[in-house]
Amino acid sequence: MESHDDLLKRAKEQILAASTHDSLKEIEREFLGKKGAVAALLASIPTLPPEERRDVGKNANILKKAIQESLDARQAELAQSTLSAERSGDGFDATLPPKTLQSGSLHPITQLTRQLEDLFLSMGYTVLDGPEVELDHYNFEALNIGRDHPARDSQDTFYCDDAGDLSLRPHTSPVQVRAMEKLDPPFRIVAPGRCFRNETTDASHEHTFHQMEGMVIGKDISVGHLIGAMKTLLRGIFHRDVEVRLRPGHFPFVEPGFELDARCPFCEGGCSVCGRTTWIELLPCGLVHPNVLKMSGIDPEEWSGFAFGLGLSRLAMLRYRIDDVRHLLGGDMRFLEQF
Ligand code: FA5
């Protein structure tokens, strides 16, 4: 069997001659690997006469340490020379593509929400948040929608308990009620957030989607104020004046209630986005029902107000020309990477 000295000499010669990290790895395997020369030396110990075993074992460990030190030293030399070559320009290929850091981006709904929040903050509104798991009182009852009210059927609510006291909020309107309880009039609020409905999904309906609730309570608030606020909102999003129209709409918590349509910003004579009508149904709104004010402790003789429930997911579809609402929360990176 090769002596310790010969083994060490052979290893050192190979290490010195190695010019790449890969060849050093190969040498390490040859001498220090599981089936390498040092392992073979150690495996031979039981076959030796007992008086030689101790010395051979001890020397094998010294040999292992010496080879490892030579490997480490050469490794450091190679790293240093690569660095120097790069610094001096040798071995540096300026035509190689740079290493790029992959950075994330904000979700389109987050981008739109932040833009709308800035817009409303600039008009003196306060941005509020509310719970996604909500009490029946705030979801429905304080909004003039009693237990047997037919309007409940259209909301397809996910209930969280058998008694029906707790549910995933089907709209952001409960934040209106929380605002009326907490804030003294006059006030203006918006409340963006997630809503949930137990309904069959299609290109324009998702079980989880976003709305932005808005409410203004003040003296002598009229439909004119409502239209003015909505036009400012649309100008902020589409960067030009957008024509709007109001159609009657029924919501138990507003009187009168409207559906606000915006003139389609993508066409002049009808397109697939507006279903060839040139109008896009954008947001329901209305003047706050006196019962709703009263239930939250606000005197309807003194105060009045308007409220709206903007479909944020729908607005994001228009803004970014997304043809299926299910893309928004589908988690497909190919979709998300476009924003
Ligand atoms: C409401 O949710 C009322 N709370 C809005 C409101 C607020 C009216 C204040 C009056 C005063 P509606 O169910 O129509 O209304 O929903 C409002 C908007 O949410 C719709 O116009 C639509 O853009 C969006 N929306 C509703 N359901 C879904 C869904 N399943 N997927 C995506 N968007 C939806």
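Separation of the stretch 33-63 and the stretch 263-285 by C-alpha centroid, Å? For the stretch 33-63 versus the stretch 263-285, the Cα centre distance is 85 Å.
How big is the dipole moment of the stretch 241-280 about its Cα centre under a simple scheme where the beta carbon of each Lys and Arg is +1, that of each Asp and Glu is -1, and everything else is neutral? Debye, nearest 20, please. Don't skip to the answer; put the middle values down first.
On the way: 4 positive and 6 negative charges, 29 e Å.
For the stretch 241-280, the charge dipole is close to 140 debye.
So if R0 is 41 Å, what FRET efficiency would Thr95 and Leu135 give, r being the distance between their Cβ atoms, rounded to the nearest 0.05? Spell out each step's value before the answer.
Details: r = 64 Å, r/R0 = 1.56.
Efficiency computed from Cβ-Cβ geometry: 0.05.
Based on DSSP H segments of at least four residues, each scored -39500 (n - 2.57), the chain has a per-residue ellipticity at 222 nm of -12500 deg cm²/dmol.
With r as the distance between the Cβ atoms of Thr82 and Asp5 and R0 = 30 Å, compute the FRET efficiency 1/(1 + (r/R0)^6) and round to 0.05. Write down the numbers at each step before the final one.
Values: r = 32 Å, r/R0 = 1.08.
Taking R0 as 30 Å, the efficiency between Asp5 and Thr82 is 0.40.
Pick out, from Ala11, Leu48, Ser23, the residue whose Cα sits farthest towards the positive end of the charge dipole of the stretch 4-88, with +1 on the Cβ of Lys and Arg and -1 on the Cβ of Asp and Glu. After comparing all options, I get Leu48.
Normalised Debye scattering of the stretch 108-336 at q = 0.13 Å⁻¹ gives log10 I(q)/I(0) of -0.77, counting only Cα atoms as equal scatterers and leaving out solvent. When the charge dipole of the chain is built from unit charges on Cβ atoms (+1 for Lys and Arg, -1 for Asp and Glu) and taken about the Cα centre, the candidate among Cys264, Phe196, Gly130 whose Cα reaches farthest toward its positive end is Cys264.
Remark on the chain: Cys160, Cys195, Cys285 stand apart, with no other cysteine beta carbon under 4.7 Å.
Can you compute the equivalent ellipsoid semi-axes for the stretch 4-88, i.e. the square root of 5 times each eigenvalue of the Cα gyration tensor, sorted largest first and rounded to whole Å?
Output for the stretch 4-88: semi-axes of 32, 11, 9 Å.
Only Cα pairs under 8 Å and at least 6 apart count here; give the relative contact order of the chain as a rounded whole percent.
Numbers: 502 pairs, mean separation 47.6, N = 339.
Answer for the chain is 14 percent.
The residue list Cys274, Pro300, Val244 was ranked by how far each Cα lies along the charge dipole of the stretch 143-300 toward its positive end, using unit charges on Cβ atoms, and Val244 comes out on top.
For the chain, find the longest principal axis of its Cα atoms and tell me its angle to the long axis of helix 108-122, 0 to 90°, nearest 10. Orientation of helix 108-122: about 50 degrees from the principal axis. Using a cutoff of 8 angstrom between alpha carbon atoms and counting only pairs six or more residues apart, the relative contact order for the stretch 228-309 works out to 23 percent.
Sorting Glu268, Glu181 by accessible area (1.4 Å probe), largest first, what list results? Don't skip to the answer; put the middle values down first.
On the way: Glu268 180, Glu181 95 Å².
Result, largest first: Glu268, Glu181.
How many percent of the accessible area of the chain is carbon or sulfur, using a 1.4 Å probe? Carbon with sulfur: 52 percent of the solvent-accessible area.
Normalised by the empirical 2.2 N^0.38 Å for globular proteins, what value does the Cα Rg of the stretch 209-284 take? Don't skip to the end; give the middle numbers.
Details: Rg = 13.4 Å, N = 76, 2.2 N^0.38 = 11.4 Å.
So the Cα radius of gyration is 1.18 times the expected 2.2 N^0.38 Å.
Per residue, how large is the accessible surface of the chain? Use a 1.4 angstrom probe and give square angstrom. Kindly include the intermediate steps, with their values, before the conclusion.
Working: 19030 Å² over 339 residues.
Per-residue value: 56 Å².
About its Cα centre, the dipole of the chain is roughly 820 debye, where the only charges are +1 on Lys and Arg Cβ and -1 on Asp and Glu Cβ. Taking 7 Å steps out from each Cα toward its Cβ at Thr232 and Gln338 produces label points 3.3 nm apart.
With K and R counted +1 and D and E -1, the other residues having a Cβ less than 12 Å from that of Leu293 yield a net charge of -4.
The values are calculated or read from the model by the stated rules, or taken from the named source; none is laboratory data. Owing to the predicted nature of the structure, the values given are computational and were not obtained by experimental measurement. FYI the Cβ positions are ideal-geometry reconstructions off the backbone, even for glycines, and counts take in every protein chain you see. SASA here: full protein model, heavy atoms, side chains in, ligands and nucleic acids out. Shrake-Rupley method; radii C 1.70, N 1.55, O 1.52, S 1.80 Å.
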